[in-house]
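What follows is calculated from the coordinates using simple rules that are stated; it is not laboratory data. It should be emphasised that the depicted structure is a prediction, and the values quoted were computed from it without experimental measurement. FYI the Cβ positions are ideal-geometry reconstructions off the backbone, even for glycines, and counts take in every protein chain you see.
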Amino acid sequence: PDPALFISAYVRDIQVRRVMIDGGASLNIISSKDFQQMNIPSSYMCANPIMLRSFNDAISSTLGTVIVNIR
């Protein structure tokens, strides 16, 4: 497999040091801790939880969807 490509990016003027670039991903997930540290107002999040099943069959739910601009 190809090695992962990581870049450094800014989201709302907060530097995120390790952003993995995956053009084939059907979704991208950030932790709630990282979301809070980016100071993104919760009003930007659209509450539409998605159920996710991990490789070990554990089920998790997302908090919602947010669109962020990166530079």
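For the pair Ser42 and Phe6, how long in nm is the line joining their label points, each one 7 Å along Cα→Cβ?
So the label points at Ser42 and Phe6 sit 3.0 nm apart.
Given +1 on the Cβ of Lys and Arg, -1 on the Cβ of Asp and Glu, and no further charges, what dipole in debye does the chain carry about its Cα centre, rounded to the nearest 20? Each step should come with its number before you reach the end.
Working: 6 positive and 5 negative charges, 39 e Å.
That gives a dipole near 180 debye.
Using 0.36 nm per residue, how much length does the chain from Ser60 to Ile14 gain when fully extended, once their Cα-Cα distance is taken away?
Extra length from Ser60 to Ile14 when fully extended: 13.9 nm.
Match the structure shown to one of the listed values [x] 20.2, 54; [y] 11.5, 34; [z] 13.5, 39 of Rg and Dmax of the Cα atoms in Å, computed from it, and give that label.
Read-out taken from this structure: [z].
Measure off 7 Å from each Cα along the Cα-to-Cβ vector at Arg53 and Ile70, then give the distance between these two points in nanometres to one decimal.
Inter-label distance under the simple model: 2.8 nm.
Which Cα, out of Ile50, Ile30, Gln15, lies furthest along the positive dipole direction of the range 4-71 (beta carbon charges, K/R +1, D/E -1)?
Checked the options; the winner is Gln15.
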